[in-house]
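The structure appears below as structure tokens.
Readers should treat all values here as calculations from the given coordinates under stated rules, not as data from a laboratory. Being a predicted model, the structure only gives us computed values, none of them experimental. All Cβ positions, glycine included, derive from the backbone under ideal geometry; neighbour counts span all protein chains shown.
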Amino acid sequence: MGVLCMIQVVSAQKATDANEEAALKKIIEYWKLGSSLNLTVDPCAQNAPWASDTANPQVACDCSGNVCHITHLKIYALDISGPIPSELFELKELVDLNLAQNVLSGPIPAQFQQLSNMQYLSLGINNLTGQVPPELGNMTKLLSLSFSSNNLDGPLPVELEKLTALEQLYIDSSGVSGQIPQDLANLKSLWKLWASDNLFTGQLPEFFGTLTELVDLRFEGTSLEGPIPDSFGALTKLENLIIGDLNGEDSSLDFLRNQTSLSVLSLRSCQLSGQIPDIIGTFSKLKYLDLSFNKLEGPIPDSFQGFTALQYIFLGNNNLNGAIPANIVSQSLNALDVSFNPLSGNLPVNVDKSEFSMNFIGTSINANTLVDRKAGEMLRCLDGGTKCANNAKSTSFSINCGGTEQTSAAGVKYDDDSEQLTASSVYMSSNRQWGVGDSGYFIFNPNGPQYTVTTESQITGTLESELYKTARVSSSSLRYFGLGLKNGKYSVELHFAEIKMEDDSQSWKGLGRRVFDVYIQGEPVLRDFDIREQAGGSNRALVQTFDANVTNTVLDIHFRWAGKGTCCIPSQSTYGPLVSAIRAYQVAGVDGSSSGHDKKWVGKIVGIAFGGAAALVIVSSAFYLWWARNRSTRHMLIHTGSPKRVK
């Protein structure tokens, strides 16, 4: 009788390196992740649920050798807190470490240099402090490094020059300061650099022009000085170039010679002077163009009529003159802002296309053919100047910014301001007592732009909670105008409550910072203003009160973003000015027309906007007569003033 013998060969599961397993268990215990990671199972067990690319927390391993080594660790947006534990540095074979969007504190440990195989290190959006350790320069295999949105200080270490394989560097809103080391010119593989909202000083480095692999470069809200180096002309692979808020010498656009790959070009408030070169009109991939708040002069190039992909054009607050090119409004164009330029002539053709908005407040564009009767009366009144002043009757106005009409417990009626504005639009209230204009677009928001925000939370520190549950926001520039006011001295109340950024010290969602500036009658009254910081928390009411003189029936209140603050906490595109309500009323017994200092605030503003349904709104307000005779003073006032914050 034969015997059938069956032999089964089973490949044994390799075990995780004992030191690494022990270290991981301590890390999991330290960060209280036991409910997500089963400590009774080998961390490198086959088909473990925490090993997939979508798992969070994620632990993935390399088992190609005699034992398994942990190579990937992701603990993302789980609000882990405390210092980074020393056990982490026992995971010697880590290739990818993602600890972003938590509330880690303490310094970045120098021991990171022990993880010599690391390629991807993300520490962004945490509460880390101290200086960037120079030992990070020893992690020479790094391809991507992020420590953005932290509370670091001090300069970038020159030792980062050794990261010659580095392709992506995210240091925006990290807190670093000082001059950018020349040694970083060695980072020739770099194709993405985000460095906005830091305390950098000195010149915008010329060596950036040698980093010819750059595709995405962002520098806004720093203390860097111009000019933009001509060497930037060599950056022909650029798709996103975002530089803003430069001080110092004027810059020109001459470096834009061969940047035909550009999709986003934003050089807002860069002291740009000279003319806009025709070559920009040939950039066939360009979708977003922002050259606002500069000193550009001359005409808008006729080549702008040839854009085939451009969706947004912002040229406001320059010295551009002449007529707007007749066919600039293409099928792709969604918004055109040419406000506060000495432009003249007629409206461009096709302005009545749907999904298009236009703002040319502060120009001399002829809009008579599109003015309805009542709006035309307002336009002619302001155009006459004296007649408008003689007919001025109002001594106050109140606005519930972004919301519907509200009446306070004291009986003050705050007007409805729920009209949906767009990227470049202007609206005048039905009572013709005030108008509002917005300029800017939240370009990187995947959920679409928001120009008003709301909350269901109760607002503390006020008896008027409902007044603060809505607010109007902007990505760049938001202006309110009181219209037809009697001349005199006014008290201006600006009502704020931070209703978008959360107030939770135990969560990464509480790490955001909203920072912007405020001007009244062109004078800066708040600089680097942070609502939550001043109010003592989110969802808390804050009222800032200022005096202003009205000498030509118009009150101008301007909220402006200067590139500072975080961009994306708790969600993408959470930044820029926010205001809940405005109230202005004349102070009895004071005639502002007697003030010699403020007699310069005279003139006119004329505005027009086209809504998404081809709706037409005409707004008339006032812009400054000294536009033509004192332009340099105006730009100095807007760009380089350094007022004290008003408490």
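Only Cα sites of the stretch 77-159 enter the Debye sum here, all with the same form factor; the resulting log10 I(q)/I(0) across q = 0.11, 0.14 1/Å is -0.25, -0.42, listed in q order. Positive contributions from Lys and Arg (+1) and negative ones from Asp and Glu (-1), summed over other residues with Cβ under 15 Å from the Cβ of Leu136, come out at -2.
In the chain, Cα pairs under 8 Å separated by at least six residues give a relative contact order of 9 percent.
Express in whole angstrom the spacing between the alpha-carbon centres of the stretch 522-591 and the stretch 460-483. What the calculation gives is 9 Å, centre to centre.
Holding the Cα-Cα limit at 23 Å, pick out from Lys489/Lys564; Lys413/Lys489; Lys25/Lys74; Lys353/Lys469; Lys32/Lys509; Lys295/Lys500 the pairs that are longer than that. Mind showing how you got there, number by number?
On the way: Lys489/Lys564 32 Å; Lys413/Lys489 21 Å; Lys25/Lys74 15 Å; Lys353/Lys469 34 Å; Lys32/Lys509 19 Å; Lys295/Lys500 34 Å.
Pairs exceeding the cut-off: Lys489/Lys564; Lys353/Lys469; Lys295/Lys500.
As a proxy for reagent exposure, Phe314, Phe207 were ordered by neighbouring Cβ count within 10 angstrom, fewest first; the result is Phe207, Phe314. Count charges around Ser357 for me, please; just the other residues with Cβ under 10 Å from its Cβ, Lys/Arg as +1, Asp/Glu as -1. Every neighbour counted, the sum reads -3. All distinct Cα pairs of the chain go into the 1/r average, and the inverse of that average, the Kirkwood radius, is 26.9 Å.
How many times 2.2 N^0.38 Å is the alpha carbon radius of gyration of the stretch 210-338?
Numbers: Rg = 13.7 Å, N = 129, 2.2 N^0.38 = 13.9 Å.
Output field value: 0.98.
Could you tell me which residue out of Leu91, Ser146, Phe200 lies farthest along the dipole of the chain toward its positive end? Charges go on the beta carbon: Lys and Arg +1, Asp and Glu -1, centred on the Cα centre. Among Leu91, Ser146, Phe200, the one farthest towards the positive end of the dipole of the chain is Phe200. A Cα-only calculation for the stretch 164-245 places Rg and Dmax at 11.5, 30 Å. If R0 is taken as 22 Å, the Cβ-Cβ distance between Lys14 and Thr40 corresponds to a FRET efficiency of 0.75. With 0.36 nm allotted per residue and the present C-alpha distance subtracted, the Val543-Ala410 stretch has 46.3 nm of extension available.
Helix-only estimate, please: 222 nm mean residue ellipticity of the chain, summing -39500 (n - 2.57) across DSSP H runs of length 4 or more and dividing by its residues, to the nearest 500. Kindly include the intermediate steps, with their values, before the conclusion.
Details: 6 runs with 49 residues, N = 647.
Roughly -2000 deg cm²/dmol at 222 nm, from the helical runs in the chain.
In this simple spin-label approximation, Ser354 and Thr455 carry label points 7 Å from Cα along the Cα→Cβ vector, and these lie 3.7 nm apart.
Based on alpha-carbon positions alone, could you give the equivalent ellipsoid semi-axes of the stretch 1-121 from the gyration tensor, as √(5λ), descending, whole Å? Don't skip to the end; give the middle numbers.
On the way: eigenvalues 228, 48, 29 Å².
Equivalent-ellipsoid dimensions as semi-axes: 34, 15, 12 Å.
Put +1 on the Cβ of every Lys and Arg and -1 on every Asp and Glu Cβ in the chain; which of Leu272, Phe397, Gly82 then has its Cα farthest towards the positive end of the dipole? Towards the positive end, the residue furthest out is Phe397.
Electrostatic tally near Met118: other residues with Cβ closer than 15 Å to its Cβ, Lys and Arg +1, Asp and Glu -1, net -3.
For the chain, give the magnitude of the charge dipole about the Cα centre (Cβ charges: +1 Lys/Arg, -1 Asp/Glu; no others), in debye to the nearest 20.
Working: 49 positive and 64 negative charges, 387 e Å.
In debye, rounded to 20, the chain gives about 1860.
If R0 is taken as 56 Å, the Cβ-Cβ distance between Ser430 and Asp302 corresponds to a FRET efficiency of 0.90. Taking every pair of alpha-carbon atoms in the stretch 442-486, give the share separated by more than 17 Å as a whole percent. The calculated P(r) of the stretch 442-486 puts 56 percent of pairs beyond 17 Å. Neighbour counts of C-beta atoms inside 10 Å place Val338, Val412 in the sequence Val412, Val338, starting with the fewest. Computed extension gain for Thr212 through Lys285, at 0.36 nm per residue and net of the alpha carbon distance, reaches 24.4 nm.
On the beta carbon distance between Glu29 and Ser571, with R0 = 45 Å, the FRET formula returns roughly 0.90.
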